[in-house]
Amino acid sequence: MSATEGQPAFASRVATAAKKVLSTKAERFTESVIREMTRLAFEHNAVNMAQGYPDYPAPAEIKEAARQAIADDYNQYAITWGAKELRDAIARKFERTQGVRVDPEREVTVCCGSTEAMMATMMGIINPGDEVVIFEPHYENYGPDTILSGASPRFVQLRPPDWSFDREELARAFGPRTKAIIVNTPNNPTGKVFSREELEYIRDLCVRWNAFAVTDEIYEHIIYDGTRHISMASLDGMRDRTITINGMSKTYSVTGWRVGWVIAPPDAATPIRKVHDFMTVGAAAPLQQAGVMALELPPSYYQKLAEGYQAKRDRMLGILTGAGFRCFKPSGAYYIMTDISNFDFPDDVSFAQNLVEKIGVAAVPGSSFYDDPTMGARQVRFTFCKKESTLAACAEKLSRLRPS
Ligand SMILES: Cc1ncc(COP(=O)(O)O)c(C=O)c1O
């Protein structure tokens with residue numbers, strides 16, 4: 001055999017050897033379907049109703065605060081666990097809105113978005129073999145978060161139309177190996193806002209099994225029809241077993257700033273802070289400074305935010321229902337989960353593909369929110385955090401859809 005003939009075999013052996021040392025953890029999850037849909041939206045010049053980011057300007061006063069912070073030379077590393085002024089502002093706001101008093105010196109950690117906050121939390125509290133209870137459909141990041149932290153997920157279904165859960169099923173998911181339950185309220189993708197009664201039921205299971213509640217409350221101010229957001233940490237008995245995750249992205253329409261935070265009791269905050277430090281060191285210092293100003297905005301800001309999104313929700317419900325979708329009306333967050341049974345497609349992925357390529361609208365296939373893709377095969381999620389001209393373009397394009 002000639003040297004050149006031998007080369008492909010050698011190259012393939014090297015490739016195999018290199019592949020062996022790659023992470024088997026990373027092989028267990030795919031790239032983000034949501035962000036892939038955004039890429040496809042650009043490719044097909046489609047209206048992007050897939051990824052949850054506003055396409056209108058962020059509030060002028062917050063942008064001015066960021067500009068001012070750079071001019072004032074907040075340009076070096078902030079304290080690893082967050083600029084003191086921002087941690088103080090986070091603690092003040094949590095007490096003001098939820099009545100929970102926390103120590104900003106020991107219990108608040110600022111991260112690069114709530115995405116990092118959740119990952120740092122999981123890496124900080126999980127040991128191999130620990131189980132984490134997750135409601136599904138769920139925000140897609142929780143899958144990789146559990147895999148990378150080494151947790152075994154235990155899924156519990158939220159069932160349409162009201163996305164309630166079976167209490168027996170939830171109770172069965174808890175056990176001696178349960179380290180935590182992830183509760184995302186208001187919820188992405190369903191729009192469910194957990195009631196006090198539901199949170200108390202979850203609380204009782206956490207107490208019984210000595211588990212943490214890790215709550216993702218990033219949509220806390222995006223709530224409709226007089227619904228109230230309740231933080232798990234405000235419930236009796238949960239102050240010291242709740243890890244609350246939140247951030248600036250959605251409340252202040254600055255998803256690209258990457259400022260989020262974790263509020264955790266000191267024993268949990270210590271490992272979370274260590275993981276955070278070695279993962280990212282810290283969030284952008286001038287944007288943390290702008291956060292101080294944002295978190296002091298008056299109640300009227302949050303009221304206007306919710307009212308504005310409620311009008312968009314109603315507009316989008318009209319558009320989707322008119323186009324033939326069955327919609328599950330959200331009580332919070334800025335997504336509408338739909339049922340696509342009226343359309344003649346074998347599954348959600350082929351439907352979403354046709355929608356972006358032929359109709360010109362990007363949405364997220366429901367299966368990306370489930371461990372078992374067949375569970376989401378009749379569902380597709382649309383966001384509505386878009387300006388009126390985008391919603392109008394979406395309506396115009398969806399009018400070409402033909403229900404069977
Ligand atoms: C439930 C939920 N958590 C977290 C995030 C990400 O937040 P951040 O921008 O703070 O990383 C999103 C974004 O869509 C989300 O829907």
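The values are calculated or read from the model by the stated rules, or taken from the named source; none is laboratory data. If you're wondering where the values come from, they're calculated on a predicted model, not measured in any experiment. FYI the Cβ positions are ideal-geometry reconstructions off the backbone, even for glycines, and counts take in every protein chain you see. The accessibility values were calculated without ligands, DNA or RNA, using every heavy atom of the protein model including side chains. Shrake-Rupley method; radii C 1.70, N 1.55, O 1.52, S 1.80 Å.
Numbers for the structure displayed
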quantity	calculated
Estimated 222 nm signal from helices in the chain, with DSSP H stretches of n ≥ 4 weighted -39500 (n - 2.57), rounded to 500	-13000 deg cm²/dmol
All aspartates and glutamates inside 17 Å of Lys63 as judged from Cα atoms, apart from same-chain residues fewer than 8 positions distant	Asp55, Asp72, Asp73, Glu296
DSSP-defined beta bridges in the chain - what % are antiparallel, rounded to 5	50
Gained length - Lys304 relative to Phe29, 0.36 nm times residue gap less alpha-carbon distance	95.2 nm
Solvent exposure ordering (accessible area, 1.4 Å, most first) of Val281, Val132	Val281, Val132
Solvent-accessible heavy-atom area per residue, rounded to whole Å², over segment 200-349 at 1.4 Å	37
Long pairs among Lys25/Lys93; Lys179/Lys387; Lys274/Lys312; Lys192/Lys387; Lys93/Lys397; Lys179/Lys386, criterion Cα-Cα beyond 31 Å	Lys25/Lys93; Lys179/Lys387; Lys274/Lys312; Lys93/Lys397; Lys179/Lys386
Quotient of C-alpha Rg and 2.2 N^0.38 Å, computed over the chain	1.03
Share of carbon and sulfur in the accessible heavy-atom surface of segment 181-335 [1.4 Å probe, %]	52
Under DSSP loop assignment and at most 16 Cβ neighbours within 10 Å, longest trypsin sites (Lys or Arg not before Pro)-free interval of the chain	240-386
Among Ala213, Ala89, Ala60, residue whose mean-square fluctuation peaks in a GNM of the chain (springs only between Cα atoms under 10 Å)	Ala60
Sum of side-chain charges, Ile272 neighbourhood, beta-carbon under 11 Å (Lys, Arg +1; Asp, Glu -1)	-2
